Amino acid sequence: MTEPLLHVRDLKTYFVTEHGGGTARAVDGVSFDVYPGETLGLVGESGCGKTVTSLSILRLIPEPPGHIRPGSFIEFEGRNLLTSAPTALRAIRGNRIAMTFQEPMTSLNPVFTVGDQIAEAAIVHQRLSRRAARARAVEMLTLVGIPDPQERVDHYPHQMSGGMRQRVMIAMALICRPQLLIADEPTTALDVTIQAQILELLDRLQRELGMAVMLITHDLGVVAGSADRVVVMYAGQVVEQAPTRELFARPLHPYTEGLLASVPRLDTRVSQVRGRLHSIPGQVPAATAWPAGCRFHPRCPYAWDRCATEEPPPLDTPGSEPGTHTVRCWLLTEPQRRERRA
Amino acid sequence: MTVWTWLALAGAVALALVAAAEVRRHAAARAAGRRFLRHPTASLGVFILAFFVTLALAAPLVAPYDPTRQLDPVHLQNQPPSLRFLLGTDVYSRDVWSRLVYGARLSLGIGTIAMLVAVTVGAGVGAVAGYFSHWLDAVLMRGVDVGLAVPRIFVLLMAVALWERLPLGALVLLIGFTGWFVTSRLVRAEVLSLREREFVAAARAVGAGPTRVIFRHVLPNAAAPIIVSAALGIGNVILLEAGLSFLGIGVPSPLPSWGSMIHDGWQWIVAAPWTSGFPGLAIAFVVMALNAVGDGLRDALDPRKEGT
Amino acid sequence: MTLPAPPLLVQVEGLVKRFPGARSLLGLGRARRIVRAVDGVSFAIATGQTLGLVGESGCGKTTVGRTILRLIEPDAGRVTLGGTDVLGLGARELRALRRRMQIVFQDPYGSLNPRMTVQQTLAEPLAIHRLAAGPEAERRISSLLEEVGLDPAFAPAYPHELSGGQRQRVGIARALSVEPQFLVLDEPVSALDVSVQAQVLNLLAELQRKRRLTYLFIAHDLAVVKHIADHVAVMYLGKIVERAPATVLYAGPRHPYTTSLLSAVPVPDPKAQRQRIVLQGDVPSPATPPPGCPFHPRCPHPKKSSRCGIEPPALREVAPGQFAACHFAEAPM
C-alpha cells in the first residue's frame with residue numbers, strides 16, 4: 001500500500017460570526033487521503049464544507065474570522081502543512097499543490113494578459129527569466145488545447161470565452177508540474193458541451209503528468225465519470241467514502257442514497273420518469289447549529305432514537321477491506337433497520 | 001447664564017448622550033450598523049450632531065437672552081466670556097451664546113431644507129434619466145453637465161444682485177436648486193444598474209407600471225447614494241450659507257445664522273476673537289461631524305460589503 | 001380510440017429579436033454588428049402541457065421567454081395566448097393580460113426585492129390587479145405560501161433570511177398569485193442544489209396538475225427537462241434545430257447537436273460505457289454566426305459536406321411529430 005500524497009486527519013475549520021451568531025463549524029472533523037496519481041472526488045451540496053476544506057489545505061482561509069482548530073492534521077509529501085512557515089507554504093502553493101477555482105471570470109486578473117498570469121508561477125517558483133517563462137506559457141497553452149497559442153498568450157481574459165478561461169486557469173495551475181491539483185468546481189460555470197471538453201482535458205493531463213487530482217463538485221455525474229474514489233460530505237463532515245463504482249452500486253449512507261435518487265437522469269426511460277423525483281425532505285441546517293447526534297438524522301428516513309443522541313464515527317463496511325468504504329451511519333451496526341423501512 | 005439655562009444645557013447634553021447611545025445600540029444590532037460603528041469618528045460625529053440638534057430644538061430653554069436684543073450698547077460691547085455671558089458678547093452687545101444657539105436653528109434648518117430640495121430633485125432627475133434612458137437620459141444629463149459647469153456661488157450672487165431683497169425662503173430654495181447635480185449623477189448610475197436586476201423585471205412581469213417600479217423597487221434600493229449625498233450635502237450647504245452670509249448677501253441681519261455672526265464680528269477678530277471664533281468653531285464641528293457620519297454611512301451601506 | 005389533442009394555448013410564429021452590437025463612430029453611428037439573438041423561432045404549446053426549451057449559453061432561449069411576455073419587445077413575429085394576439089396589445093390591455101401569463105426567474109437571489117418582505121412581494125400583484133387587499137390579501141398570501149410548501153410564518157421575512165430553495169418557492173408563489181394559465185420558467189432550478197432541485201421540480205409538476213398550468217420550461221440541463229417536459233425544442237444560435245415529443249427526442253434524436261448534447265451530459269453511473277462525443281471549439285458568439293448551417297463548424301456528423309456551409313437547412317418534419325433542421329436528418333448519427 002503506497003503512502004498517501006495528502007493525508008488529512010480530523011480537520012476542523014471554524015468561523016467566528018459577529019454579534020452573537022455563534023461559531024460556524026464549517027469543517028468539523030474531516031479525514032481523507034489522496035494517493036499519488038489518483039482522482040479523488042469530493043462531493044457535496046452548498047454548505048457542506050468542501051470548498052473550505054480545500055482552502056484549508058492550502059492555508060488560504062482568512063485568519064480572522066476563520067481558524068483551523070488545533071488537533072487538525074494535514075500532511076503533504078510527509079510535511080506537516082499546518083506547522084509550516086509561511087515561506088515554506090508559499091513554495092508549495094502553485095508549485096507542488098495547485099488550485100483552480102470555479103468562476104474563471106472572476107479568478108483571472110482582468111488587467112494582466114493571460115500569458116503573464118500563466119508565467120507568474122514559473123517565474124516565482126522556477127526562477128525563470130521573463131522570456132523563458134513566456135515560452136513555457138505558450139507550451140502550456142498548447143498543452144491545454146488552446147488554438148493559436150502564440151497569439152493567445154497576449155490576450156486578456158475578457159477576450160476569451162468561459163471554457164478557454166478555465167483552460168487558462170488549468171495552464172496556470174500546471175505550469176510547475178504539481179503533484180496535486182485541487183480543482184474546485186471546474187465545470188459548474190460552463191456549458192454542457194464545454195464541460196465535456198474540460199473533463200476530457202483534465203483526464204488526459206492527469207495521465208500525461210502523473211499527478212493526483214482532487215475534484216470538488218456537486219455534480220454526481222462528473223464524479224462518476226472522472227473519479228477513482230469518492231468522498232461525500234454533509235454538514236462539515238465526511239459521511240461516506242468509497243471507490244467510485246462501489247459508491248454508486250452500493251450507496252450505504254442515507255444521504256448518498258437520497259442524493260443519487262434525486263438526481264434527474266438521462267439514462268432512465270422517459271415513461272418511468274414522469275411523476276415524482278425522489279427528494280430529500282427538509283434542507284441543510286446552518287453551520288452555526290448542527291443537529292445533535294447524527295447531523296443528517298432530521299432528514300433521514302431510517303433514523304431512530306440513537307441517531308438523535310449519538311454521533312456515529314466513520315464505520316467500516318463489512319465485506320470491504322478496512323478503510324476502503326467507510327460510512328458515518330448507525331445503520332451499519334443495525335442493518336436490519338434498512339430493510340424494515342424499505 | 002442663569003441657573004435654569006445651566007440646567008437646561010446640562011439636560012441637553014444628557015439628552016444628546018442618550019440619543020447617541022440609542023443610535024449606537026440600534027446600529028450594533030445590524031451588520032450595516034456595525035460597519036458604521038467601525039469608524040471611530042462616525043460615532044463621535046453622531047454625538048456632535050445630536051448635541052447641536054438638541055441645542056437648536058431647546059434654544060428657548062438654553063438661551064438666557066433674546067438673540068437679537070442689544071443689552072447695553074455702551075457698557076456691554078465685546079465682553080469676553082464670563083459666567084454671565086458664556087461665550088461673551090459681540091459688538092452690538094448681544095449675547096454670543098444665545099445667538100449661537102438660535103443660529104443653530106437657522107444654519108441647521110437652512111442646511112436641511114436646502115439639502116432636501118437638492119436631494120429630491122437630484123434623485124428624481126437621476127431616476128428618470130436612468131430608468132427611461134435614450135433621448136430623455138441624454139437631454140437630462142446634458143442639462144446636468146451645464147449645471148455642473150456653472151459655479152454655484154456665481155449663480156447665487158447673480159440672484160442676490162437681481163433681487164432687491166431676497167427673502168430667506170427664496171434663498172434657501174435657490175441653494176437647493178443649484179445643488180442637485182452631483183446627486184442626480186450618482187442616482188442615475190445606481191438606477192442604471194438596478195434596472196437590469198431581475199426583481200425589477202419580475203415587478204414588470206407582474207404588471208407594475210413605471211411609477212410603481214421606480215418608487216417601490218428601484219429608489220429604495222438606490223437609497224445608499226441618496227443618503228450619503230444627503231449627509232454630505234447638509235455640510236456643503238452650511239458652508240455655503242456661511243460664506244454667503246459672511247459676504248453679507250446671505251441671511252439678513254439681525255438674524256443670527258453662524259455665517260452672519262462671523263460677518264458681524266470680523267472686524268474685531270483680534271480684539272474680540274470670541275465673536276467670530278465660536279460660530280466658526282460651531283460650523284467646523286458640525287461640518288466635520290456630517291462628513292464623518294457621511295463617510296461612515298457610505299461604508300455601511302455599500303452593498304459590496306455585505307457580509308463583512 | 002385516441003383522445004383528441006388538447007387545444008393549443010400558446011402559439012409562437014417567426015419570433016425575431018435583434019440586439020445592436022457595438023456601434024461605429026463612438027456610439028453615434030449605425031450599429032456595426034447586429035446580434036440575432038432570436039432568429040425566427042416557432043412553436044406551440046397545448047393547454048396543460050410543458051415545452052422544454054433547451055440550449056447552451058448564447059442560444060437565445062432566455063430571450064425567447066422574455067419576448068413572449070413582452071418584457072423585451074420583439075422585432076418581428078406573432079405570439080398568441082388563447083387566441084389573443086400578445087404583441088399587438090396596448091399598455092393597459094397588456095397589463096390585464098399579465099394576469100394570464102407569468103414568469104419564474106432563474107436566480108432566487110436576484111429575483112426578489114431585497115427590501116421587501118415576502119408578504120409585501122406577494123401582496124403587490126394582488127394590489128396591482130385589484131384582486132385582494134387587507135385581510136383578504138393576507139389570507140390569500142398564507143394559502144399561496146402553503147401551496148408552494150412554505151410555512152406561512154415566513155411572510156414577514158426578508159429574502160436574505162431565506163435559503164435559495166425557499167426564495168425560489170416565493171418566486172413561484174408570486175407568479176401564481178394572479179392565477180395565470182401560462183408560466184414561463186426561466187431555468188428555475190439551475191441555481192439550486194441537487195436535493196432542493198428535486199423538491200422544486202416535484203412542486204412544479206404538482207402545481208401543473210392541480211392548476212392545469214401550461215409551462216415553457218427553459219433550461220440547459222437535458223436531464224432535468226426530461227423529467228418535466230412533454231415536448232422538447234433544442235435551440236442553437238437563435239434557431240430551433242430540433243423539436244419533438246420528449247419520448248421521441250430522447251430515444252432517437254435527429255439533429256447532430258441534440259445527439260452531442262445528450263452525449264455530453266454526465267451520467268451518475270460509472271458503469272455507463274458511453275462513447276462521448278466531445279465537440280471541438282467553443283460555443284460560437286451570436287454576433288458572428290457561421291454561414292449556412294449555424295452548427296456546421298462543430299458538427300461531428302460523418303456526412304457533413306460543403307453543402308452545410310452554404311445552404312442553411314430548414315426545420316422540417318422528418319418523422320411524425322419530429323422536426324429537425326439538418327440536411328442529413330434522415331440518417332442521424
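The values are calculated or read from the model by the stated rules, or taken from the named source; none is laboratory data. Just so we're clear, the structure is a prediction, and the values are computed from it rather than from any experiment. Positions of Cβ are generated from backbone atoms using ideal geometry, with glycine treated the same way; all protein chains shown enter the neighbour counts.
Take residues that are within 14 Å of chain C (Cβ to nearest Cβ) and tell me which of the helices (runs of 4 or more DSSP H) falling wholly in the range B:171-267 contain 2 or more.
Qualifying helices (runs of 4 or more DSSP H): B:181-195, B:198-206, B:223-246.
Find the residue count for the range C:244-293, including only residues that are closer than 27 Å to residue C:33 by Cβ, within 9 Å of chain A (Cβ to nearest Cβ) and β-branched (Val, Ile, Thr).
Total satisfying the criteria: 1.
State all residues of the range C:91-110 that are at pLDDT below 90 and touching a helix residue (DSSP H, G or I) at 6+ places or on another chain (Cβ under 6 Å); if no residue qualifies, say none.
C:107, C:108, C:110
Can you find a residue that is touching a Phe, Trp or Tyr at 6+ places or on another chain (Cβ under 8 Å), part of a strand (DSSP E or B) and aromatic (Phe, Trp, Tyr) anywhere in the range C:216-227?
no
Specify the residue that is surrounded by the fewest Cβ atoms within 10 Å (Cβ to Cβ); the eligible residues are those in the range C:91-133 that are of a type in the set (Gly, Ala, Ser) and more than 23 Å from the chain's Cα centre (by Cα).
Checking each candidate, the answer is C:91.
Do we find a residue being small (Gly, Ala, Ser), more than 14 Å from chain A (Cβ to nearest Cβ) and touching a residue at least 24 places away in the same chain (Cβ under 8 Å) anywhere in the range B:78-89?
Yes, the conditions are met somewhere in the range B:78-89.
Consider the range C:139-180. How many of its residues are farther than 11 Å from residue C:118 by Cα, within 14 Å of chain A (Cβ to nearest Cβ) and part of a helix (DSSP H, G or I)?
Adding up the residues that qualify gives 3.
Residues that are part of a helix (DSSP H, G or I), farther than 21 Å from residue C:66 by Cβ and small (Gly, Ala, Ser): does the range C:112-124 have at least one?
yes
Condition test on residue C:88, is it more than 14 Å from chain A (Cβ to nearest Cβ), within 16 Å of residue C:11 (Cα to Cα), exposed (fewer than 15 other Cβ atoms within 10 Å of the Cβ) and at pLDDT below 90?
So residue C:88 passes the test.
Out of (1) without any contact (Cβ under 8 Å) to a residue 24 or more places away in the chain; (2) closer than 11 Å to residue A:254 by Cβ, what's the single condition that is false for residue A:312?
(2)
Going through A:307, A:300 one at a time, which residue ends up being within 14 Å of chain C (Cβ to nearest Cβ) and at pLDDT 85 or above?
A:300
Just the residues that are under 29 Å from the mean Cα position of the chain (by Cα) and surrounded by 11 or more Cβ atoms within 10 Å (Cβ to Cβ), please, taken from the range B:138-149.
Answer for the range B:138-149, where residues must be under 29 Å from the mean Cα position of the chain (by Cα) and surrounded by 11 or more Cβ atoms within 10 Å (Cβ to Cβ): B:140, B:141, B:143, B:144, B:145, B:147, B:148.
Restricting to the range A:1-27, and then to whatever is out of contact with any Phe, Trp or Tyr (no Cβ under 7 Å at 6 or more places or on another chain) and among the charged types (D, E, K, R), can you tell me which residue is farthest from the other protein chains (Cβ to nearest Cβ)?
So the residue we want is A:3.
Need a quick list: helices (runs of 4 or more DSSP H) entirely within the range A:219-328 having at least 1 residues that are basic (Lys, Arg).
Helices (runs of 4 or more DSSP H) meeting the threshold: A:244-249, A:305-309.
Only residues in the range B:148-166 that are more than 19 Å from residue B:236 (Cα to Cα) and modelled with pLDDT under 85 count as the first member; pair them with residues that are in a helix (DSSP H, G or I) and among the β-branched types (Val, Ile, Thr), Cβ under 9 angstrom, at least 6 apart or cross-chain, and list the lot.
From the range B:148-166, the pairs are B:166/B:160.
Return yes when residue A:123 is touching a helix residue (DSSP H, G or I) at 6+ places or on another chain (Cβ under 9 Å), free of Cβ contacts under 8 Å to residues at least 12 places away in the same chain and assigned to a helix (DSSP H, G or I) and no when it is not.
Answer is yes for this residue.
Given the conditions (1) buried (at least 16 other Cβ atoms within 10 Å of the Cβ); (2) touching a residue at least 40 places away in the same chain (Cβ under 8 Å), and given that residue B:252 satisfies all but one, which numbered condition is not satisfied?
(1)
Any idea which of B:54, B:112, B:68 is among the polar types (S, T, N, Q), in a helix (DSSP H, G or I) and surrounded by fewer than 20 Cβ atoms within 10 Å (Cβ to Cβ)?
Exactly one residue qualifies, and that residue is B:112.
Checking the structure you have, find out if any residue of the range A:265-280 is out of contact with any strand residue (DSSP E or B) (no Cβ under 9 Å at 6 or more places or on another chain) and over 30 Å from residue C:264 (Cβ atoms).
Among the residues of the range A:265-280, not one is out of contact with any strand residue (DSSP E or B) (no Cβ under 9 Å at 6 or more places or on another chain) and over 30 Å from residue C:264 (Cβ atoms), which makes the answer no.
Which of (1) in contact with a Ser or Thr (Cβ under 9 Å, 6 or more places away or on another chain); (2) closer than 17 Å to residue B:226 by Cα does residue B:155 not meet, given it meets every other one?
Failed condition: (2).
Report, ordered by the first and then the second residue, all pairs with beta carbons closer than 7 Å, sequence separation of six or more or different chains, a first member in the range C:236-251 that is closer than 16 Å to residue C:317 by Cβ, and a second member that is surrounded by fewer than 23 Cβ atoms within 10 Å (Cβ to Cβ) and of a type in the set (A, V, I, L, M, F, W, C).
C:240/C:43; C:240/C:315; C:242/C:323; C:243/C:43; C:243/C:323; C:244/C:323
Restricting attention to strands (runs of 3 or more DSSP E) lying wholly within the range A:1-120, give those where 2 or more residues are surrounded by fewer than 22 Cβ atoms within 10 Å (Cβ to Cβ).
Correct list: A:6-16, A:23-34, A:66-68, A:73-76.
I'm trying to understand the selection: among the residues of the range A:264-281, which are surrounded by 14 or more Cβ atoms within 10 Å (Cβ to Cβ), modelled with pLDDT of 80 or more and not aliphatic (A, V, I, L, M)?
Scanning the range A:264-281 gives A:264, A:265, A:278, A:279.
If residue C:96 meets every condition in (1) assigned to a strand (DSSP E or B); (2) at the interface with chain B (Cβ under 9 Å from one of its Cβ atoms); (3) not aromatic (Phe, Trp, Tyr) apart from one, which number is that one?
All conditions are met except number (1).
Can you work out which of the residues in the range A:321-338 that are surrounded by 11 or more Cβ atoms within 10 Å (Cβ to Cβ) and of a type in the set (Ser, Thr, Tyr) is nearest to residue A:2 (Cα to Cα)?
The residue in question is A:324.
Can you pull out the residues in the range A:208-218 that are part of a strand (DSSP E or B) and within 20 Å of residue A:261 (Cβ to Cβ)?
A:217
So residue C:193 fits all but one of (1) facing chain A (nearest Cβ under 10 Å); (2) of a type in the set (D, E, K, R); (3) touching a strand residue (DSSP E or B) at 6+ places or on another chain (Cβ under 9 Å); what number is the exception?
Here residue C:193 meets the rest and fails (3).
Find the residue count for the range C:181-190, including only residues that are under 25 Å from residue A:234 (Cβ atoms) and within 10 Å of another protein chain (Cβ to nearest Cβ).
Result for the range C:181-190: 1.
Given the residues B:208, B:282, B:242, B:223, which is the only one that is in contact with a Leu (Cβ under 8 Å, 6 or more places away or on another chain) and either of a type in the set (Asp, Glu) or surrounded by 21 or more Cβ atoms within 10 Å (Cβ to Cβ) (or both)?
The unique qualifying residue is B:282.
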